[in-house]
Amino acid sequence: MNEEFDKRLTQLHNDTRLSSGARQAFDASYASIREQANRSRRRRRRRVGGVVMMAAAAMLVFILAFDGSALAAIDRLFKFGDRGIDQVVLTNGGERPVATITNQDVHIKLERVIADRHQLALRFVLTKEEIPWKDVTDLSLDYRVRSADGSYVDEMVSDTLPLKGDGGMRGHQVNVMVDESGSLVYEVLSEAGDKDIPSLEGATIEIETVRLFRDVETDTINGDWRLPIEQVTMQAAIRYEADDAVSPLEVGNVVVDLTSMRIELTVNGDDYDENYFIDHVKLRDAKGNVYNIESGYSRTVSAGKTNLVFQVPFTSRDAVSELMLIVEGIGQVKLLPVNK
């Protein structure tokens, strides 16, 4: 765990007056949950596994046995096991838009948005008087994110529906839960593909279908729910560049934002195993902290070279004066900030 992030957790524990036993339980359980979530992500599973959510629930129950006030402070820590998203949650919690709409007797609220150039996290809360949520085993939404200029930034829709954009985002992970008020909560985390996520200032989320799954049946509710994102603060990115022109690693754009670092990299050879780079790419800072690819990557091959675009959970809060990018078995290169 990164030192700065650990300090944030320590501060959180102090603020909530957790006992030493609860603190130890939190640290051990949270580390385990992150590792399980990372394994799930490496296997490219779309939905955070039940084992991870069960571990998170067990962690909460155990900590609450020590101090019930901990719930309000940490109930958002273990949505996806994504370090950059966790950092935002622990600091300002992301944007809180005031966006609600009712259609087909289903009331949907856009409760939280975390967005930068690399990732987009959305949290929806659904209510419907006639539906007992306790009987719902799962939920899916068909939705699109349309930017202010009319282009579609993200689309997560059924295979039977056409895409209206280029499908530029990937790796959609979903959490579904019932909150303390009895409302159904739907969270989704998606990642930019080969292009940065543009500013979402003035964007609109268009939900077309709500599906409620039960043990023996599925309710499909088609409607038109449009939720505006009126304000999203985009911070200035931090850019790094290679300090060694003769390294076997050819480094393109390296950009650090609120939730992650995005790296473009080219290496010689075109016959690497699919998991080679997942297992062998590492980013190391001067303190010895190591960051790995956790959410997959895109790859193209041309002229006997492999071109990669990937992200590591190194954030703008971590930005330091020197980094080392390593591909085990191929080479390494020092990275230095351009504008910091």
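The values are calculated or read from the model by the stated rules, or taken from the named source; none is laboratory data. Nothing here was measured: the structure is a model prediction, and the numbers come from that model. All Cβ positions, even for glycine, are placed from backbone atoms using ideal geometry, and neighbour counts span all protein chains on display. The area values use the complete protein model at the heavy-atom level, side chains included, leaving out ligands, DNA and RNA. Shrake-Rupley method; radii C 1.70, N 1.55, O 1.52, S 1.80 Å.
A few comments on the model shown:
- All of Gly193, Gly165 fail the test of being open to solvent by 20 Å² or more (accessible area, probe 1.4 Å) and touching a strand residue (DSSP E or B) at 6+ places or on another chain (Cβ under 8 Å), apart from Gly165.
- Residues (buried (at least 19 other Cβ atoms within 10 Å of the Cβ) and either free of Cβ contacts under 8 Å to residues at least 60 places away in the same chain or in contact with an Asp or Glu (Cβ under 8 Å, 6 or more places away or on another chain) (or both)) located in the stretch 315-333: Thr315, Ser316, Asp318, Leu323, Val333
- Candidate set: the stretch 294-314, residues that are open to solvent by less than 10 Å² (accessible area, probe 1.4 Å) and outside any strand (DSSP E or B); chosen: the one farthest from Gly84 (Cα to Cα): Gly296
- Residues being touching a Ser or Thr at 6+ places or on another chain (Cβ under 7 Å), open to solvent by 40 Å² or more (accessible area, probe 1.4 Å), outside any loop (DSSP other than H, G, I, E, B) and under 21 Å from Val185 (Cβ atoms) - total across the stretch 204-244: 5
- Which listed residue, of Asp219, Asp215, Asp224, Asp243, is more than 24 Å from Phe124 (Cβ to Cβ) and not aromatic (Phe, Trp, Tyr): Asp243
- Just one of the numbered conditions (1) closer than 17 Å to Leu189 by Cα; (2) open to solvent by 30 Å² or more (accessible area, probe 1.4 Å) is not true of Thr127: (1).
- Ser158 being under 19 Å from Ile221 (Cα atoms) and either open to solvent by 20 Å² or more (accessible area, probe 1.4 Å) or free of Cβ contacts under 8 Å to residues at least 40 places away in the same chain (or both): yes
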